[in-house]
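Reading through the structure tokens given below for one structure.
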Amino acid sequence: MSKVILYLLEASASLIVLYSMYQLVLNKLTFFSFNRFFLIGILVFSLVIPLLSIDLWPTANPVVDQPVVQLRDMRLAYYQAFEDWDFVRGGTAELIGSSPSEASTSVNLKKICLSTILIIYLVGVIVLVSRTLWTFVWIRKLKNDHPYEVIGGVLVVKVRYPIPPFSFWKAVFVHEESLQDESFQQILAHEKTHINQHHSIDLIFVQLIAAFLWFNPVVWRLIKSLKATHEYIVDKQMINQGYSLVEYQTLLLRQLISNNSYGLVHNFNLSFIKKRITMMKLKESGMAGKAKVVAVFAAVLVFSLVVVQCNSKLEESEVLLESPSLMAPPPPPIELPQVANSGQYRFDLDLSNSMTFAIDDDVIRVNGQVSSLEDAQRAINEPGINERTIMVLYVNKNQKMGLVRDLQDVFRKNNRNKIIYKGIGGDGQALDMAIMLPPHPDSPEGADWPKIDDEFAKRTGTEILKVKVSDNLGIDNTKLVTDMVSKHLEAGDANYVVSYKSEDSDSYGDFFSNLFYINQGFNQIYEERAQKLYDKSFFEIDRKAQGGNEQYNAVREGIPRAISIAERD
């Protein structure tokens with residue numbers, strides 16, 4: 001449902017951009033036939049362009065990729081704001097202090113709002129399609145109820161009551177008394193040109209499309225522009241056929257007796273007579289006009305390539321509306337582990353490509369659905385999920401690690417090793433810890449992966465700091481890590497690793513807090529180097545700012561955050 005709404009909004013945005021090009025440049029040129037097909041073309045194109053996705057530049061190109069990625073990021077933010085309007089990613093409000101009934105009410109409210117929007121939209125579509133069909137029926141009845149004859153190769157319907165002359169399909173409708181008027185031949189020639197140009201087909205087509213984009217005011221302006229362009233085409237041909245400019249303009253003014261304009265027909269006497277007369281006197285657009293047409297073509301081409309490439313980048317990031325990261329509801333209220341002294345510890349994480357796993361009371365939920373380990377394995381192997389997808393874990397602090405480790409083994413066997421552990425900092429805000437799980441020995445990636453044990457240490461000369469959850473050293477882990485890393489920095493090597501081991505009986509709260517303080521040991525080393533190199537905090541380095549990534553890498557250089565979640569015995 002929301003996917004349909006997003007598609008319509010994107011199609012509308014594309015139409016606004018393309019029609020703006022017409023209004024700014026082409027509207028004042030005399031290339032009327034070109035303008036006719038441009039207006040129809042951009043209406044169709046605006047519906048198609050959101051569906052196209054082609055990687056036009058597979059090889060990285062900073063000049064091309066940077067604006068495309070920025071546009072992609074804007075759309076990601078838009079998608080997430082739309083899809084997760086009642087769930088702020090990374091927040092804790094939905095996890096603490098909320099009841100299941102409140103969460104359910106929020107979800108139901110979202111569904112009601114989306115359903116209401118869709119119902120209003122469908123009512124608008126039905127009304128407008130019905131109006132178009134009613135106009136068609138009215139014209140057909142008008143033809144059946146009145147006499148007609150072929151004059152000058154055109155079917156002329158002689159209406160008994162006064163009516164502005166108009167044409168539809170292959171027929172011209174006029175008041176029967178108009179046939180005696182001296183200007184009838186000019187009127188007939190005018191409407192015959194509409195018929196020969198097949199303008200009725202244009203109007204039927206755009207009216208039907210407009211019914212599906214009725215909420216966008218630009219589509220109605222486009223229809224007016226198309227009707228005006230049709231009239232400019234006919235006016236130009238009438239003058240080229242030898243009709244007197246003065247007599248023809250006089251005829252237009254004489255016919256200005258009504259402003260009725262039915263959607264599917266061309267009234268001879270539209271209200272923009274003055275503008276039509278002005279366009280007749282306008283000098284033909286020359287080379288400068290052709291240059292403007294080329295410029296518009298180039299702008300449309302660039303716009304199209306950017307949108308198509310942006311769609312491709314979105315797919316690369318698995319950010320489709322079917323993606324679990326966008327469709328996943330928040331987990332039910334869970335009592336997350338809390339760390340008292342979190343300090344500035346924060347990660348700037350992009351969770352646009354992620355899956356949510358919640359574990360509470362020995363129950364696993366995958367993207368909000370109660371699941372078994374087998375269900376979880378199937379979920380992480382669905383289309384669009386790959387090794388870049390982040391597994392986000394919300395786990396009750398009292399949950400035993402046995403089930404957590406079982407789930408992590410599922411991740412490891414399927415090469416889904418990027419993990420975010422969710423907790424709460426000392427300030428009550430969300431606390432995220434990112435870690436890469438080692439490949440499982442039974443997986444293709446883990447076949448040659450070394451086991452971090454005494455034999456490995458002896459063979460490679462690596463110092464292993466062994467930490468057990470059950471030791472529950474808390475903040476003392478920070479000093480142990482700091483001392484070990486500092487020693488190796490002085491020696492000029494990075495031959496160290498922290499082997500962090502949990503047992504099935506350990507609580508997730510202890511696992512989380514000890515892992516947090518292990519990470520803090522590395523962060524202290526990074527903090528000291530950042531202050532020394534740049535006189536700023538490590539957490540103040542903005543990797544997205546100019547030079548920020550270089551500063552970040554310089555601080556981290558030679559100091560890997562070497563933490564291994566140790567194997568089960």
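Only the coordinates and a few stated rules stand behind these numbers; no lab work does. Fair warning: this is a prediction, and the values are worked out from it, not measured in the lab. Don't worry about glycine lacking a Cβ; one is built from the backbone with ideal geometry, like all the others, and counts go over all protein chains shown.
Would you mind checking Lys141/Lys192; Lys227/Lys281; Lys397/Lys468; Lys397/Lys501; Lys418/Lys458; Lys413/Lys451 for any pair whose Cα atoms are more than 27 angstrom apart?
Checking Cα-Cα distances, Lys418/Lys458 exceed 27 Å.
A simple charge model with +1 on the Cβ of Lys and Arg, -1 on the Cβ of Asp and Glu and nothing else charged puts the dipole of region 330-427 at about 260 debye relative to its Cα centre.
What is the gain in length, in nm to one decimal, between Val306 and Gln369 on full extension, counting 0.36 nm per residue of separation less the C-alpha to C-alpha distance?
Full extension from Val306 to Gln369 adds 19.0 nm.
Near Glu463, the amide H atoms lying under 5 Å from its own belong to Tyr496, Val497; only residues 5 or more places off or on other chains count, and H is placed 1.01 Å from N.
The label-point distance for Trp134 and Cys113, in a model that sets each label 7 Å from Cα toward Cβ, rounds to 3.3 nm.
Volume per residue of the convex hull around the Cα atoms, evaluated for region 450-569, comes out as 122 Å³.
Based on a Kirkwood Rh over C-alpha pairs, give the Stokes-Einstein translational diffusion coefficient of region 406-481 at 37 °C and viscosity 0.692 mPa s in µm²/s.
218 µm²/s
Residue-wise HN-Hα couplings along region 520-532, as the Karplus relation 6.51 cos²θ - 1.76 cosθ + 1.60 with θ = phi - 60° gives them from phi, are 5, x, 5, 5, 5, 4, 5, 4, 4, 5, 4, 5, 6 Hz; Gly and Pro carry x.
Separation of region 113-184 from region 405-460 is 71 Å, based on Cα centroids. Overall, the anisotropy analysis places region 330-427 in the oblate class: the square-rooted eigenvalues a ≥ b ≥ c of its C-alpha gyration tensor yield a/c not less than 1.5, with a/b not exceeding b/c. Give the residue list of GluC sites (Glu not before Pro) in region 476-569 that are DSSP loop and have at most 12 other beta-carbon atoms within 10 angstrom. Sites meeting the loop and neighbour criteria: Glu557.
Simple point charges give the picture: +1 on the Cβ of Lys and Arg, -1 on the Cβ of Asp and Glu, and for region 408-453 a dipole about the Cα centre of about 140 debye.
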